[in-house]
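Coordinate-derived values only; no laboratory data. None of the values given here were measured: they were computed from a predicted structure. Every residue, glycine as well, gets a Cβ built from its backbone with ideal geometry; the counts of neighbours run over all protein chains shown.
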Amino acid sequence: MMRELLKPRSWFAPPHPLITKNREIFAQFDQSRPLTEYTFVVCDTELTGFDLKRDEIISIGAVVIRDLQIDLGATFHRYIRPQNTKHTQATLIHRITPQQLAEAPPLEEVLPPFVEFAGSSLMVGHCVALDMGFLNKAARKILGGTLSNPGIDTIRMARGYRRALSGHFHGEEDWSHNYSLAALTKEYHLPAFKPHDALEDAMQTAYLFLFLLKKFRKGGLLTLKDIYQAGRVGSVWS
C-alpha cells in the first residue's frame with residue numbers, strides 16, 4: 001500500500017480509499033450540534049514560502065481537541081523532505097536544518113497518515129485557508145482528491161470577537177489591528193510556545209481557539225453553525 005502511495009496518481013485514476021472515506025464522513029455533515037460534540041484537529045504547516053505553485057510543505061504539526069480540551073496524547077508532527085533540494089537552504093527560519101529535511105520522508109509518505117489522523121475532525125488553523133491550500137494540492141496529486149473536513153479560521157474568530165467587543169457587528173474591518181498568532185497570544189495573555197515550529201504553532205493556535213470558543217459560548221454561541229456565523233451575529237461576548 002505504501003509503495004502505491006509513493007507514486008503520483010493518474011489524472012483519471014479513482015480517488016484513493018482515504019479520500020473516498022473522507023467524503024463519506026462529511027457527506028451529511030451537521031453544523032447544528034453543540035460544540036462539545038465535535039472533535040477538532042488544530043493544524044499548522046511549515047512552508048518554504050507562500051507560493052502555492054512553487055513552494056512546498058516541509059513540516060506538519062497537529063493536536064486534537066476533544067470535549068473542548070486539548071488531548072496531549074493525540075499529536076502529529078512530521079518533517080518532510082521537499083522535492084526541490086534548493087528549498088532545504090531556505091528553512092532556517094523554522095529552525096529546521098537541511099540535514100533534517102534530507103533525512104525526512106517525502107510528502108507522499110507523510111500525507112496519508114495525516115489524513116487518517118484528521119479523520120472525522122474539523123480542521124482549525126490560523127489562516128487555515130493557507131494550510132488547506134497546500135494540503136489539498138498535495139492530496140489532489142497523491143490521493144486523487146481534496147479533503148472534505150470543514151475548516152475554522154482563528155483569525156476570523158478573533159476578528160468577530162473584536163467586532164463584538166467594540167459593538168461594530170456589521171461595520172468596516174479594523175485592518176490596523178494585529179491578528180498575528182504572536183500578537184493575539186500576547187493580547188489575551190495565553191501561554192506562549194516556540195514560534196515557527198509546526199507542532200508548537202498548532203498548540204499555540206489550539207489555546208487561542210479554546211480561548212475564543214469560551215468567549216463565544218459565554219455569549220450564547222453554542223453550535224458550530226453559530227461559530228461560522230460569528231463574524232456577522234450581533235452578540236455580546238465578554
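Among 133-144, 216-227, how do they line up from the highest to the lowest mean number of other beta-carbon atoms within 10 Å?
Listed from highest to lowest mean packing, they are 133-144, 216-227.
Using only Cα atoms, find the angle between the long axis of helix 154-166 and the longest principal axis of the chain, and express it within 0 to 90 degrees, rounded to the nearest 10.
Its long axis makes an angle of about 10 degrees.
Expected output is a single nm value to one decimal: the length gained when fully extending between Phe29 and His196, i.e. 0.36 nm times separation in residues minus the C-alpha distance. What is it? Provide the component values of the computation, followed by the final result.
Working: separation 167, 0.36 × 167 = 60.12 nm, distance 3.30 nm.
Stretched fully, the Phe29-His196 segment lengthens by 56.8 nm.
Just in the stretch 49-114: which GluC sites (Glu not before Pro) are loop by DSSP and have at most 13 other Cβ atoms within 10 Å? Spell out each step's value before the answer.
On the way: sites: Glu56, Glu103, Glu108, Glu109; in loops: Glu56, Glu103.
Those satisfying the criteria are Glu103.
Per Stokes-Einstein, at 20 °C and 1.002 mPa s, what whole-number D in µm² s⁻¹ belongs to the stretch 62-141, with the Kirkwood radius over Cα pairs as the hydrodynamic radius?
151 µm²/s
Could you work out the helix-only [θ] at 222 nm for the chain, with each DSSP H run of four or more residues adding -39,500 (n - 2.57) and the total divided by the number of residues, to the nearest 500 deg cm²/dmol?
Value at 222 nm, helices only, nearest 500: -11500 deg cm²/dmol.
Counting only C-alpha contacts under 8 Å and six or more residues apart, can you give the relative contact order of the chain as a whole percent?
26 percent
Compute the whole-percent fraction of alpha carbon pairs in the stretch 177-229 spaced more than 19 Å apart.
35 percent
Using a Förster distance of 35 Å, how high is the FRET efficiency between Ser176 and Lys225, based on the Cβ-Cβ distance and rounded to 0.05?
Using R0 = 35 Å, I get an efficiency of 0.70.
What FRET efficiency comes out for Gln83 versus Leu130 if R0 is 25 angstrom and r is the Cβ-Cβ distance? Round to the nearest 0.05. Each step should come with its number before you reach the end.
Numbers: r = 20 Å, r/R0 = 0.78.
Plugging the Cβ-Cβ distance into 1/(1 + (r/R0)^6) gives 0.80.
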